[in-house]
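A.B. asks: Just dropping this structure here.
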Amino acid sequence: MAGHAVVVAGGGPTGLMLAGELALAGVDVAIVERRASQDLPGSRAGGLHSRTIEVLDQRGIADRFLSEGQVVQVAAFAGTPLDISDFPTRHPYGLGLWQNHIERILAGWVGDLEVPIYREREVTGFAQDDTGVDVELSDGTSLRAEYLVGCDGGRSLVRRAAGIEFPGWDPTTSSLIAEVELAEEPEWGIHRDALGVHSFGRVEYEVRDGEVVYLDAGPARVLVTEEHLGPVGEPTMRDLSEALIAVWGTDYGAHSPTWISRFTDIARQAAAYRERRVLLAGDAAHVHSPVGGQGLNTGVQDAVNLGWKLAQVVNRTAPDSVLDTYHAERHPVAARVLRNTLAQVALFRQDEHTKAVRDTIAEVLSMDEPRRRFAAMMSGLDIQYDLGEGHPLLGRRMPDLDLVAADGPMRVFTLLHDARPVLLNLVEPGGFDITPWADRVQLIDASYAGDWELPVLGQVAAPSAVLIRPDGYVAWVGDGTDTGLRDALTTWFGSP
Ligand SMILES: Cc1cc2nc3c(=O)[nH]c(=O)nc-3n(C[C@H](O)[C@H](O)[C@H](O)COP(=O)(O)OP(=O)(O)OC[C@H]3O[C@@H](n4cnc5c(N)ncnc54)[C@H](O)[C@@H]3O)c2cc1C
């Protein structure tokens with residue numbers, strides 16, 4: 001039986017990101033993917049939020065995405081735009097870039113890292129024992145792996161076969177989304193009526209002076225809320241025409257669809273992200289309404305949280321218990337996403353009472369402090385993992401500071417390109433001895449002259465040193481001594 005240290009089921013955005021993270025750490029990882037190529041029939045997700053751009057920047061690949069997309073303010077809550085241009089980040093914006101392009105670029109990176117992808121095959125089941133997992137494939141073969149990660153989307157076979165519960169809320173509303181040709185000109189833009197939100201745009205657009213401007217030609221991207229909750233299964237052109245006629249009295253001569261899909265406001269989350277040697281990430285672990293554009297972003301960030309932990313376990317530098325911190329850290333993040341999508345779906349209801357609440361929330365969000373808090377939540381910049389009491393940086397994202405090191409100026413994120421942890425010493429060189437971890441942790445002496453500013457919190461006290469995990473979150477903060485450093489190194493990067 002062929003084998004890999006880790007098998008990733010599903011090569012969507014989450015599976016690709018995870019495979020890249022594992023490959024960077026030298027892990028023998030392979031992806032099993034049902035699709036014959038990375039092409040997607042439709043555009044799906046519309047782009048990236050600020051924290052995801054930062055995460056890609058930490059690996060030195062943000063420019064691949066930025067050069068193909070449109071930088072624009074994308075954060076919003078229940079339709080109220082939330083500008084983040086004053087946020088202390090190198091990327092105080094989102095990126096408009098369709099999922100098919102995001103996947104193509106991610107797949108290019110994974111290709112550079114020489115990750116094998118078993119295409120046109122599905123994971124059909126698995127059996128796990130004390131030393132590994134036998135992963136069954138649809139072509140009748142099997143793969144042996146130490147760990148299996150289900151990145152196989154919302155209907156995850158891995159989740160179901162692992163017996164992991166998926167509690168949550170059933171859908172209350174459904175919408176059709178499609179890419180079609182329109183014979184007649186619709187009213188371009190976003191519209192609301194008693195049924196909900198509908199929109200007409202073009203797949204191709206530009207951002208000019210912060211505004212989306214659709215190109216004059218090319219396929220239209222149509223969104224229409226259905227009168228009644230649509231059935232599970234693939235919608236047809238007839239479903240789309242009927243839904244358009246119900247709202248507009250015409251289907252605008254819609255024809256030649258390249259993609260028709262139905263999404264709902266179903267909200268469910270895996271009760272456990274781990275079942276011994278099987279883990280879940282991305283849509284396999286959480287599904288919710290696309291409002292706010294958070295699904296792909298949350299999945300990519302799940303992958304970045306899990307990748308280095310799993311790599312250390314496979315490389316035998318950290319105990320298997322470090323994998324439990326994956327659920328402990330990422331389950332609350334997605335639970336919060338579910339909560340904010342439930343709230344937004346409720347606020348989008350079109351009755352007068354709900355409209356009054358929505359207007360009230362919009363008024364609250366026009367004030368600076370609420371705007372900053374909600375914008376940080378929607379853009380992923382406010383995530384804090386519970387690493388105990390201490391300096392505000394503890395458990396939060398490390399800012400991409402401009403440092404001066406022995407070799408000259410450098411950015412913090414450059415130090416994370418190889419996905420290796422960093423102990424950044426910002427006072428006199430030579431103050432730390434981490435010899436037992438020298439094979440695992442980079443020790444960098446540098447200086448930083450500017451302010452330490454975090455989203456929402458504003459300015460915080462300058463630390464003397466920080467221990468940065470490969471995912472860019474701060475695991476320990478120095479106050480002029482090394483108190484607690486050995487414990488943090490042992491917890492996250494294994495025994496001396
Ligand atoms: C209309 C719409 C708009 C959206 N807009 C946004 C947005 O703006 N921003 C955002 O962040 N998110 C958005 N999302 C959500 C986003 O598309 C998903 O969250 C994202 O695709 C999840 O990525 P994933 O890799 O976890 O899962 P998926 O993208 O579902 O990938 C799973 C992969 O696994 C493969 N697979 C499945 N089963 C098996 C199996 N048994 N064996 C092998 N392979 C298998 C599939 O072929 C697929 O390639 C939107 C979604 C929709 C529907």
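The values are calculated or read from the model by the stated rules, or taken from the named source; none is laboratory data. In this text, all values refer to a predicted model and were calculated from it rather than measured experimentally. Heads up, the Cβs are rebuilt from the backbone with ideal geometry, glycines too, and the neighbour counts pull from every protein chain shown. Only protein heavy atoms, including side chains, enter the accessible area calculation; ligands, DNA and RNA are left aside. Shrake-Rupley method; radii C 1.70, N 1.55, O 1.52, S 1.80 Å.
A.B. asks: Once the Cα atoms of the range 1-124 are picked out, what are the Rg and Dmax in Å?
C.D. replies: When restricted to the Cα atoms of the range 1-124, Rg and Dmax are 16.1, 55 Å.
A.B. asks: For the pair Val364 and Asp407, how long in nm is the line joining their label points, each one 7 Å along Cα→Cβ?
C.D. replies: 4.9 nm
A.B. asks: In whole Hz, with x marking every Gly and Pro, tabulate ³J(HN,Hα) for the range 441-453 from phi via Karplus 6.51 cos²θ - 1.76 cosθ + 1.60, θ = phi - 60°.
C.D. replies: In residue order, the calculated couplings are 10, 7, 9, 10, 8, 7, 10, 9, 9, x, 7, 9, 10 Hz.
A.B. asks: Next up: Can you tell me the accessible area per residue over the range 40-178, all protein chains present, probe 1.4 angstrom, in square angstrom?
C.D. replies: 40 Å²
A.B. asks: Any chance you could run the full-extension gain for Thr414 through His191? It's 0.36 nm times the residue separation minus the Cα-Cα distance, nm to one decimal.
C.D. replies: 75.9 nm
A.B. asks: Taking 25 Å as R0, compute the FRET efficiency from the Cβ-Cβ separation of Asp479 and Thr435 and round it to 0.05.
C.D. replies: E between Asp479 and Thr435, to the nearest 0.05, is 0.65.
A.B. asks: Which value, in Å², gives the accessible area per residue of the range 217-360 when a 1.4 Å probe is used on the protein heavy atoms?
C.D. replies: Value for the range 217-360: 40 Å² per residue.
A.B. asks: Extent of the chain along each principal axis, from alpha carbon coordinates, in Å, largest to smallest?
C.D. replies: 74, 58, 38
A.B. asks: Follow-up. Once the Cβ-Cβ distance between Thr236 and Asp86 is put in as r, and R0 is 56 Å, what FRET efficiency do you end up with, to the nearest 0.05?
C.D. replies: 0.75
A.B. asks: Lys and Arg at +1, Asp and Glu at -1: add these up for the other residues within a Cβ distance under 11 Å of Leu182 and post the number.
C.D. replies: Combined, the nearby Lys, Arg, Asp and Glu give -3.
A.B. asks: Over the Cα atoms of the range 361-496, what is the Rg over Rh ratio if Rh follows Kirkwood?
C.D. replies: My calculation of the ratio gives 1.01.
A.B. asks: Roughly how many percent of the accessible protein surface of the chain is carbon and sulfur, given a 1.4 Å probe and a whole-percent answer?
C.D. replies: Its accessible area is 50 percent carbon and sulfur atoms.
A.B. asks: Check Leu443: other-chain or 5+ apart residues with amide H under 5 Å from its amide H, H built from backbone geometry?
C.D. replies: Leu423
A.B. asks: Moving to a separate point now. If I take every Cα pair under 8 Å that is 6 or more residues apart in the chain, average their sequence separation and divide by the length, what percent do I get for the relative contact order?
C.D. replies: Averaging sequence separation for qualifying contacts and normalising by length gives 17 percent for the chain.
A.B. asks: Determine which residues of the range 91-132 fall in the zone a paramagnetic label at Leu215 would reach in this model, i.e. backbone nitrogen under 15 Å from the point 7 Å along Cα→Cβ.
C.D. replies: Answer for this model: 97-98, 101.
A.B. asks: Could I ask something else about it? FRET efficiency for Asp487 and Ser447, Cβ-Cβ distance as r, R0 = 30 Å, nearest 0.05?
C.D. replies: With a Förster radius of 30 Å, E is 0.70.
A.B. asks: Mean Kyte-Doolittle of at least -1.0 and a Cα length of 18 Å or more along the axis: which whole DSSP H helices of the chain meet both?
C.D. replies: 99-112, 295-314, 324-347, 352-365
A.B. asks: For the range 228-328, take every pair of Cα atoms, bin their distances at 5 Å starting from 0, and report each bin as a whole percent.
C.D. replies: Percent of Cα pairs in each bin: 2, 10, 16, 15, 13, 11, 9, 8, 6, 5, 3, 2, 0.
A.B. asks: If you take all C-alpha pairs in the range 322-380, what percent of them are over 15 Å apart?
C.D. replies: 62 percent
A.B. asks: Going from the alpha-carbon gyration tensor of the range 283-334, what semi-axes, largest first and in whole Å, does one get by taking the root of 5 times each eigenvalue?
C.D. replies: Three semi-axes, in Å: 25, 10, 7.
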